[in-house]
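Down below is the structure, laid out as structure tokens.
Rule-based calculations on the coordinates, nothing more; no lab input. Fair warning: this is a prediction, and the values are worked out from it, not measured in the lab. A quick note on method: Cβ atoms are made from the backbone with ideal geometry, for glycine too, and the neighbour counts reach across all protein chains shown.
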Amino acid sequence: MDTSLALTRDMMLVLGLVGFTIAMFMFERIRADATALVVLVALGLTGLVPANQLFDGFSGNAVIAVIATMILGAGLDRTGALNRVAVWLLRVSHGMEERLILLTSGLAGLMSGFMQNPSVMALFLPVASRLSGRTGLSLSRLLLPVAAAIVMGGGLTMIGNSPLMLLNDLLVAANRNLPSGVATLQPLEMFAPLPVGLALLLLGLGYWRWLGQRWLGQAEDKGVAPSRTQSYFARAYGIEGDVYELTVTAESPLVGMSVGEAEAQRDAPLLLALLSGNEARLAPPADQMIWVGSVLGVMGPRDAIQDYAQKNLLRLSARLRHFADLFNPSRSGISEAVIPPTSAFIGKAQFQLQLRKRFGISLLAINRDNQVWREDIRRMPLKAGDMLVFHSIWTDLAQASESRDFVVVTDYPKGEHRPQKLWWAVGVFVAAMALALSTLVPVPIALMAGAACMMLAGVLNMDEAYAAVSWKTVFLMACLIPLGWAMDSTGAAAWLAQQVLERIGSDVPIWVLEAAIGLLATAFALVIGNVGATVVVVPMAINVALAAEGNPMAFALIVALSASNNFLSVSNPVLAMVTGPAGYRSRDLWRTGAPLTLAYLAVVLLVVNLMF
């Protein structure tokens with residue numbers, strides 16, 4: 001590399017866009033996918049990426065593979081395959097805590113090698129809830145080991161996580177700017193990172209078996225299952241009491257009020273149902289009016305309901321004459337759901353989402369950072385990791401959850417599943433993976449063939465396949481890929497590599513440079529996520545390797561693996577999904593995650609150097 005490499009205008013523009021991306025991801029002034037789209041447009045307007053290549057990221061192998069794996073995972077979920085997994089885990093573990101955690105974590109880690117990490121976590125949240133409910137094992141002792149195994153198992157294959165999916169596209173792009181005489185970088189095969197992934201998965205299982213659980217401690221059980229729903233919600237959220245019917249009389253001040261206005265009254269109980277005319281429904285919309293003869297289905301302690309009825313001139317009936325069918329536990333009930341980082345609900349309040357009108361769901365409480373909010377939640381903007389408490393009909397909840405804007409943690413009776421298609425789903429999934437492994441066709445084609453077969457076999461319909469895809473993730477990847485190309489083509493990556501070598505020194509051992517690059521990728525991932533860290537650091541790592549006469553493939557693979565080395569922050573989507581259900585705090589993540597982060601990097605450096 002030319003040690004006199006000068007900083008050009010194009011380099012400064014690219015580095016400025018990198019800085020803008022980091023700042024926006026850190027402070028969240030605009031959404032991450034919107035930030036990526038702004039960066040993509042800026043690359044086109046400034047000419048840093050040619051117009052005929054600007055949108056190639058949307059058809060890139062990485063993006064297609066991500067879409068296909070999401071659809072394949074939805075097919076397994078639709079057939080109830082994971083419910084059978086829960087039964088099997090209970091049987092083979094014989095109720096022993098250590099064995100149950102080990103088996104559940106190991107299975108989740110293996111599955112994460114073939115599916116996107118957040119998708120695997122979404123599948124395993126209800127499984128963990130069922131296991132917790134059947135055994136009494138605290139979710140707080142189960143979910144973090146499972147989440148860590150999913151992150152580590154993502155290194156088993158090139159489709160296990162987004163950074164590894166992106167890596168081959170970045171390697172191909174780097175070939176355009178390699179110095180003369182340097183061998184072309186070849187894309188890695190499907191199971192190229194398998195030795196590293198196995199070592200990491202074994203590290204994670206061993207860590208949680210002997211060390212991690214001690215540091216996590218015996219936390220309070222925050223799990224919820226149908227067998228203990230009522231006592232759990234009373235203890236965790238103060239939601240207690242029974243359901244009563246209140247008939248509105250002609251003298252009642254509620255006449256002419258909307259449901260929203262009635263709920264806003266001081267000491268108003270939970271208003272869960274409304275009979276108006278001949279129509280009875282759960283989760284009545286806030287703008288629905290209350291008239292003489294309307295019947296309210298409310299929940300609360302009997303004394304409080306009696307006081308409310310007397311104050312508002314309502315007739316109290318302890319017997320459910322109108323709502324008995326609606327409140328049947330097999331048909332409806334209370335549930336918990338967590339907001340994932342890809343949710344469209346983030347930043348929006350209940351009144352904007354219109355959960356009752358659109359989905360038939362009542363929001364009863366929000367648990368954020370172990371603080372429960374029950375008052376004034378109608379205008380409270382939602383955040384990633386929030387735990388929401390719903391009351392709904394189970395089939396309405398199942399239908400609403402298909403959007404993936406929230407992940408239901410409670411194990412509840414689900415409708416619209418196709419258990420009769422179980423073996424079709426499993427067969428298609430295994431065949432797609434076998435085809436990808438065979439190298440007869442490129443991996444994205446093999447995976448998309450599996451997704452198409454899921455629909456041809458009737459496991460999913462086309463609308464369900466669309467709903468299974470996290471389009472936020474797709475846009476984030478597709479829009480940031482050209483930023484990596486610009487890093488390479490403008491020489492910004494080479495300039496950064498030069499600065500790194502000048503400060504560290506070119507005479508240090510190669511493994512020191514690899515460790516520095518790995519730590520940099522890990523630090524970037526904490527701030528801008530694993531996709532952003534991969535796009536920014538891989539081009540620089542390749543240039544550092546060329547300048548130091550190291551192996552650019554090894555450096556690039558270390559970056560892709562290190563970009564997932566995040567056990568400290570909810571910027572990792574997998575951790576964001578478990579902090580709410582299990583009640584983890586930041587100090588829990590740091591206490592257990594810091595040693596694991598260092599051990600992860602050490603294993604990556606050791607095994608990658610043995611491989612290359």
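Once Lys and Arg get +1 and Asp and Glu get -1 on their Cβ, which of C479, P509, A449 lies farthest toward the positive end of the dipole of the range 434-515?
Among C479, P509, A449, the one farthest towards the positive end of the dipole of the range 434-515 is A449.
Once you charge only the Cβ atoms, +1 for Lys and Arg and -1 for Asp and Glu, what is the size of the charge dipole of the chain about its Cα centre, to the nearest 20 debye?
1100
Roughly how many Å is it from the Cα centre of the range 553-610 to that of the range 163-190, as a whole number?
Cα centroid of the range 553-610 versus Cα centroid of the range 163-190: 25 Å apart.
Arrange the following residues from fewest to most other Cβ atoms within 10 Å of their Cβ: C479, C453.
Least to most surrounded, the residues fall as C453, C479.
Report the label-to-label distance for E189 and R315 in nanometres (one decimal), using points 7 Å from each Cα along the Cα→Cβ vector.
Placing both labels 7 Å beyond Cα along the Cβ direction yields 7.9 nm.
Return the subset of K348/K472; K421/K472; K383/K421 for which the Cα-Cα distance in this structure is over 26 Å, preserving the input order.
Beyond 26 Å: K421/K472; K383/K421.
Counting Lys +1, Arg +1, Asp -1, Glu -1, what net charge surrounds D307 among other residues with beta carbon under 13 Å of its beta carbon?
Overall, the nearby charge balance is +1.
Place +1 on the Cβ of every Lys and Arg and -1 on the Cβ of every Asp and Glu in the chain, take the dipole about the Cα centre, and give the residue among N461, L397, S276 whose Cα lies farthest towards its positive end.
In the chain, that residue is S276.
In the chain, what is the volume of the convex hull around the alpha carbon atoms, normalised per residue and reported in Å³?
Output value, Cα hull per residue: 158 Å³.
Below 8 Å between Cα atoms, with a sequence gap of 6+, how large is the relative contact order for the chain in percent?
21
How do T473, T184, T135 rank when sorted from fewest to most other Cβ atoms within 10 Å of their own Cβ?
T184, T135, T473
Quick one: grab the alpha carbon gyration tensor of the range 430-574, order the square roots of its eigenvalues as a ≥ b ≥ c, and give me rounded if a/c is under 1.5, else prolate or oblate depending on whether a/b is larger than b/c.
Judged from the Cα gyration tensor, the range 430-574 comes out prolate (a/c at least 1.5, a/b above b/c).
Given the DSSP H assignment, sum -39500 (n - 2.57) over each helix run of at least 4 residues in the chain and divide by its residue total; what's the result at 222 nm in deg cm²/dmol, nearest 500?
Computed ellipticity for the chain at 222 nm equals -18000 deg cm²/dmol.
Across 10 Å bins from 0, what is the distribution of all Cα-Cα pair distances for the range 6-77, in whole percents?
The percentages, shortest bin first, are 17, 35, 33, 13, 3, 0.
Go through P179, L48, W423 and say which Cα lies farthest out towards the positive end of the charge dipole of the chain; charges sit on Cβ, +1 for Lys and Arg, -1 for Asp and Glu.
W423
So what is the relative contact order of the range 95-215, in percent, for Cα pairs below 8 Å that sit 6 or more residues apart?
31
With Kirkwood's inverse mean 1/r over C-alpha pairs for Rh, give me the Rg to Rh ratio of the range 275-433, two decimals please.
Radius of gyration relative to Kirkwood radius: 1.04.
Please work out whether the range 407-478 counts as rounded, prolate or oblate from its C-alpha gyration tensor, where a ≥ b ≥ c are the square roots of the eigenvalues and a/c under 1.5 means rounded, while otherwise a/b larger than b/c means prolate and anything else oblate?
Judged from the Cα gyration tensor, the range 407-478 comes out oblate (a/c at least 1.5, b/c at or above a/b).
When only C-alpha pairs under 8 Å and at least 6 residues apart count, what is the relative contact order of the range 226-410, in percent?
23
Could you give the size of the charge dipole of the range 350-473 about its Cα centre, using +1 on the Cβ of each K and R and -1 on the Cβ of each D and E, expressed in debye and rounded to the nearest 20?
It comes to approximately 220 debye.
Rounded to the nearest 20 debye, what is the charge dipole size of the range 226-410 about its Cα centre when +1 sits on each Lys and Arg Cβ and -1 on each Asp and Glu Cβ?
200
Would you tally the net charge around W485, using a Cβ to Cβ cut-off of less than 15 Å, leaving W485 out, and scoring K and R as +1, D and E as -1?
-3
How many angstrom separate the Cα center of the range 291-306 from the Cα center of the range 1-42?
The range 291-306 and the range 1-42 have Cα centres separated by 57 Å.
Using per-residue counts of other Cβ atoms within 10 Å, averaged over each peptide, order 150-156, 277-283, 487-493 from highest down.
150-156, 487-493, 277-283
How many angstrom separate the Cα center of the range 43-109 from the Cα center of the range 484-539?
Each part reduced to its Cα centre gives a spacing of 27 Å.
When Lys and Arg each count +1 and Asp and Glu each count -1, what net charge do the other residues less than 12 Å away from L320, Cβ to Cβ, add up to?
Around L320, the surrounding residues sum to -1.
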